[in-house]
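Presented below is the structure to which this report refers.
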Amino acid sequence: MIRSRIIGFERALPPVTVTNDDLAKMVETSDEWISSRTGIRKRHLVSDQNTSDLCIIAAEKLLEKAGWDSLSVDLIILGTVSPDYTTPSTACLVQNALGCKNAFCFDIAAACSGFIYSLSVADKFIKNGGVKRAIVLGGETLSKITDWSDRSTCVLFGDGAGGVLLEAAEEGGILYEDIHSDGSKAMALTAGYRANKSPFYKAEPKNDEFIDMNGREVFTFATRKVPESIKKVLEESKTSMDDIKYVVLHQANTRINEVIARKLKAPHEKFYTNIDRIGNTSGASVPIALAEMNEEGLLHKGDKILISGFGGGLTWATMLIEL
Ligand code: COA
């Protein structure tokens, strides 16, 4: 059976870091409120970069370190809810910058599960035999869909990008997955509403450009669905938590991740966290975490890791990977 093996991990963070104290100069908040409720102490925000710029940096590093010729890439998939444009896809912008002329490219909008959804789709193309090499990215400039006067959301999010290379292989790679959506709860987390601009539209246009979230509902959803999803992946793949080296959850909130760890009765040390430094970067959070773990020397060939994303849609997705 063909498998999709992960070859490299890279990330790109914008140079500007913004601390909780910096935000306290913009809205009525405090380092104490933000860090105790979310675990976040600072985040990176773009000044003049867009989502494609961050993704291009991560993808260039991936190709360079793996020694892949850009013409050998068959597919680029990019998970984002903050693309540069509706069309072209951000993946096509990355393709052009890298000269991956033989690749077909598209974006996936599954919010904080977007990178894992993208990996899943790339995995299917590889398993079907049509694709041998793929670049899978998650990138966001959430700062452009954040209302910087709304203290309940602006303290949570950051910008960044990360990604991996996938290659057809005989063993290892993506072993098992569990993927879901629940559109009945779609309004719990919304951003980027496209107003009706038809000349025949009579009502007052709705302006819902910015991230709007029912924080409690999202908290309850994540702490219920993610442990269920992880347990299902472990059971169905006949893997025990003892066999798992690390669990890499979407970095939304330290308290969410602590509840998930408790429900799974798994040791805290298995759960990688960088939310204190990065904030919530939606579809970029899991690949950024993987790249940082790799830089820290935590990832080794043969390790089994679980990755899990959850967020807007509502969507959630868990994947078991052998490195
Ligand atoms: N600084 C200071 N006070 C703030 C604040 C801030 N940045 N944001 C909100 N508050 C205030 C509110 O105005 C409210 O004040 P009030 O009681 O006088 O009305 C109070 O804090 C409590 O607000 P609430 O929204 O109920 O806080 P909470 O305890 O639910 O915590 C979250 C808010 C967002 C931290 C929490 O709901 C959460 O973690 N949700 C999950 C969200 C998430 O991670 N989403 C991303 C998933 S992809």
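The values are calculated or read from the model by the stated rules, or taken from the named source; none is laboratory data. The model shown is predicted, which means the values in this text are computed figures rather than measured ones. Don't worry about glycine lacking a Cβ; one is built from the backbone with ideal geometry, like all the others, and counts go over all protein chains shown.
Observations
- Some residue of the stretch 251-262 being away from the ligand (no atom under 16 Å from the Cβ), at pLDDT 95 or above and not hydrophobic (A, V, I, L, M, F, W, C): no
- Condition met for residue 14 (in a loop (DSSP other than H, G, I, E, B) and free of Cβ contacts under 8 Å to residues at least 24 places away in the same chain): no
- The set of residues in the stretch 50-76 being surrounded by 17 or more Cβ atoms within 10 Å (Cβ to Cβ) and of a type in the set (Asp, Glu) consists of 53, 74.
- Restricted to the stretch 60-79, and to residues there that are touching a Cys at 6+ places or on another chain (Cβ under 8 Å) and not in a helix (DSSP H, G or I), the residue that is farthest from residue 177 (Cα to Cα) is 73.
- The sole residue among 82, 4, 47 that is more than 16 Å from the ligand (Cβ to nearest atom) and surrounded by 22 or more Cβ atoms within 10 Å (Cβ to Cβ) is 4.
- Output for the stretch 279-323, where each listed residue is in contact with a strand residue (DSSP E or B) (Cβ under 6 Å, 6 or more places away or on another chain), within 16 Å of the ligand (Cβ to nearest atom) and more than 17 Å from residue 177 (Cβ to Cβ): 279, 280, 281, 282, 284, 288, 289, 312
- Among the residues of the stretch 18-44, the one identified as part of a loop (DSSP other than H, G, I, E, B), among the small types (Gly, Ala, Ser) and within 9 Å of the ligand (Cβ to nearest atom) is 30.
- Test: residue 232 is within 15 Å of the ligand (Cβ to nearest atom), in contact (Cβ under 8 Å) with a residue 12 or more places away in the chain, assigned to a helix (DSSP H, G or I) and surrounded by fewer than 18 Cβ atoms within 10 Å (Cβ to Cβ): no
- Filter pass, residue 152 being within 16 Å of the ligand (Cβ to nearest atom) and more than 14 Å from residue 319 (Cβ to Cβ): yes
- Filtered residue count, the stretch 264-276, keeping only those that are part of a helix (DSSP H, G or I), away from the ligand (no atom under 16 Å from the Cβ) and at pLDDT 95 or above: 1
- Failed item, numbered, when residue 41 is tested on (1) under 30 Å from residue 124 (Cβ atoms); (2) among the basic types (Lys, Arg); (3) surrounded by fewer than 19 Cβ atoms within 10 Å (Cβ to Cβ): (1)
- Condition check for residue 100: over 22 Å from the mean Cα position of the chain (by Cα), surrounded by 15 or more Cβ atoms within 10 Å (Cβ to Cβ), of a type outside the set (Lys, Arg) and not in a strand (DSSP E or B): yes
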